[in-house]
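Reading through the structure tokens given below for one structure.
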Amino acid sequence: MEINKDVNITQTNSINQVRYGCAIGAIYSVSSIPGAMPIVNCGPGCADKQYTGLAFYNGFQGGGYSGGAVSPSSNAGENEVVFGGENRLRELIKSSLKIMDAELFVVLTGCIGEIVGDDVGAVVGEFQKKGAPVVYAETGGFKGNNFIGHELVTKAIIDQYVGEYDGEKEKGVVNVWSLLPYQNTFWRGDLTEIKRVLEGAGLKVNILFGPESKGVIEWRNIPKAQFNLVLSPWLGLDTAKHLENKYEQPFLHISTVPIGAKETSAFLRKVVDFSGIDKQKSEDFIKDEEKNYYYYLEHFSDFYAEYWWGLPAKYAVVGDSAYNLALNKFLVNQLGLIPAKQIITENPPEQYRRAIASEYSKLAEDVSADVDFAEDGYVIGQLLRQTDFGHKPPIIFGTTWERDTAKELKGAIIEVGFPASYEVVLSRTYIGYKGALNLLEKIYTTAISASA
């Protein structure tokens with residue numbers, strides 16, 4: 001095991017207790033676009049494992065219209081390894097176009113096809129020349145995890161399907177690049193809340209993924225937007241930079257996903273300032289939302305003031321950087337809790353780690369925290385066990401993998417990331433104004449239940 005103390009990067013030669021999918025897990029980036037259908041050129045177990053991990057034992061989200069057992073697959077075997085899989089893929093695409101009802105088909109490649117040298121681009125190109133709505137992305141597992149695969153897919157759709165555009169931009173229209181569908185257990189509810197608050201502030205929103213997206217037509221309209229919003233520590237930045245080069249479309253990067261009134265109101269004001277739209281609508285919206293939010297918080301304060309002796313004081317967050325940073329800012333600034341250990345698990349690219357770590361130095365005016373980058377479950381367990389949580393039982397915001405460690409520490413566990421196998425998630429959100437209230441209910445119901 002090697003520990004790089006400069007930015008607290010803990011590296012091992014193997015990973016125990018996986019916390020993300022491989023690049024072909026971007027199947028679920030495709031299936032989260034209404035009207036889009038993934039086609040996978042891979043072995044028979046690859047797509048199934050992505051479904052089991054990302055869509056089932058992670059909030060039991062379900063595969064929906066085009067995920068799970070629906071996604072067409074070449075199921076590459078020995079014959080394809082020896083002789084190549086191009087003919088099989090060609091027949092699969094042809095059959096999928098005939099049988100499956102979709103507006104856009106996205107071919108994703110697995111390790112087998114890429115290792116044996118299948119020319120997927122040439123095969124897909126045959127159908128593209130005939131006007132078929134098919135694109136491809138090379139997502140072999142050795143390319144990286146599903147975060148990397150996600151941006152390979154977004155750029156493939158932009159380049160091969162959306163295409164060129166030199167028309168006018170529409171003021172007040174924004175494309176949102178934020179949480180990773182399915183990897184983030186609560187992505188459906190979270191993206192719904194992001195769209196709700198941005199529209200409440202007066203913007204028109206291409207949310208691009210999930211139930212609030214208009215689907216493929218929104219992707220066609222990407223070049224017409226005034227700007228792109230990257231709402232995450234790093235995911236989406238490559239896509240936004242690509243769009244800036246391709247369409248001369250500016251982008252705004254806000255690293256912290258907002259939770260609670262303070263962060264959400266500040267977030268909306270930044271976006272509105274950047275867009276240059278009239279501020280009156282956004283200020284009226286913020287006023288109404290804050291009035292509603294603090295009404296509930298006022299009544300919650302009775303519990304918080306009287307039950308303090310049974311509530312945790314220190315906490316740890318284990319999970320993807322987007323939720324990790326967002327939770328820390330909320331827990332410190334809204335609840336006054338003390339950060340004890342922060343562990344980021346999605347293996348963000350090296351060039352972003354220093355910027356991510358710097359965000360933890362300014363959680364509040366007088367509060368900072370160190371952050372560790374670690375993927376291995378054994379290492380993460382050791383880091384938590386070595387943490388000083390004081391004399392009270394801690395509360396750990398983590399995953400199913402942290403449940404046993406939380407029991408050892410006599411603490412409470414709230415599953416907020418992949419895998420979340422003890423949560424059934426439909427439309428729940430933990431961000432924005434509404435999500436923060438859900439989060440408060442979850443935190444303190446869990447805390448007082450654990451002490452019973």
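The values are calculated or read from the model by the stated rules, or taken from the named source; none is laboratory data. Note that the coordinates shown come from a computational prediction; the quantities given were computed from them, not determined experimentally. Counting neighbours? That spans all protein chains shown, and the Cβs are built from the backbone with ideal geometry, glycine included.
Numerical summary
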| quantity | calculated |
| --- | --- |
| Lone qualifier among 373, 303 - being of a type outside the set (Asp, Glu), modelled with pLDDT under 95, in contact with a helix residue (DSSP H, G or I) (Cβ under 9 Å, 6 or more places away or on another chain) and surrounded by 13 or more Cβ atoms within 10 Å (Cβ to Cβ) | 303 |
| Yes/no for residue 405 being at pLDDT 95 or above and assigned to a loop (DSSP other than H, G, I, E, B) | no |
| Residue in the range 363-377 that is of a type outside the set (D, E, K, R) and farther than 27 Å from residue 263 by Cβ present | yes |
| Strands (runs of 3 or more DSSP E) completely within the range 1-90 that count 3 or more residues being in contact with a Ser or Thr (Cβ under 6 Å, 6 or more places away or on another chain) and either under 20 Å from residue 418 (Cβ atoms) or at pLDDT 90 or above (or both) | 36-41 |
| Residue list for the range 143-180, restricted to those being within 22 Å of the chain's Cα centre (by Cα) and of a type in the set (Gly, Ala, Ser) | 144, 149, 156, 178 |
| Condition check for residue 313: in contact with a strand residue (DSSP E or B) (Cβ under 7 Å, 6 or more places away or on another chain), in the same structural domain as residue 337 (by TED's automatic domain parsing), within 26 Å of residue 332 (Cβ to Cβ) and not aromatic (Phe, Trp, Tyr) | yes |
| Residue within the range 356-366 that is in contact (Cβ under 8 Å) with a residue 12 or more places away in the chain, assigned to a strand (DSSP E or B) and over 17 Å from the mean Cα position of the chain (by Cα) present | yes |
| Options 361, 449, 421; residue that is at pLDDT 95 or above and of a type in the set (S, T, N, Q) | 421 |
| Residue check, residue 351 touching a Gly at 6+ places or on another chain (Cβ under 8 Å), farther than 19 Å from residue 412 by Cα and either buried (at least 23 other Cβ atoms within 10 Å of the Cβ) or not β-branched (Val, Ile, Thr) (or both) | no |
| Failed item, numbered, when residue 391 is tested on (1) closer than 15 Å to residue 312 by Cβ; (2) touching a residue at least 40 places away in the same chain (Cβ under 8 Å); (3) part of a loop (DSSP other than H, G, I, E, B) | (2) |
| First in the range 143-164 and within 22 Å of residue 51 (Cα to Cα), second anywhere and surrounded by fewer than 20 Cβ atoms within 10 Å (Cβ to Cβ), Cβ under 6 Å, 6 or more apart | 151/238 |
| Any chance residue 318 is within 25 Å of residue 144 (Cβ to Cβ) and buried (at least 19 other Cβ atoms within 10 Å of the Cβ) | yes |
| Neighbours by Cβ (under 7 Å, 6+ apart or cross-chain): first from the range 19-31, under 8 Å from residue 183 (Cβ atoms) and without any contact (Cβ under 8 Å) to a residue 24 or more places away in the chain; second of a type outside the set (Val, Ile, Thr) and in a helix (DSSP H, G or I) | none |
| Residues of the range 110-119 satisfying the condition of being over 16 Å from residue 77 (Cβ atoms) and either outside the structural domain of residue 30 (by TED's automatic domain parsing) or at pLDDT 85 or above (or both) | 119 |
| Residue within the range 122-138 that is crowded, with 16+ Cβ neighbours inside 10 Å, touching a residue at least 40 places away in the same chain (Cβ under 8 Å), within 30 Å of residue 268 (Cα to Cα) and out of contact with any Pro (no Cβ under 9 Å at 6 or more places or on another chain) present | no |
| Condition check for residue 427: without any contact (Cβ under 8 Å) to a residue 24 or more places away in the chain and surrounded by fewer than 23 Cβ atoms within 10 Å (Cβ to Cβ) | no |
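Here is a yes/no grid of residues against (1) within 18 Å of residue 59 (Cα to Cα); (2) touching a helix residue (DSSP H, G or I) at 6+ places or on another chain (Cβ under 6 Å); (3) without any contact (Cβ under 8 Å) to a residue 60 or more places away in the chain:
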site	(1), (2), (3)
398	yes, no, no
402	yes, no, no
433	no, yes, no
440	no, no, no
445	no, no, yes
448	no, no, no
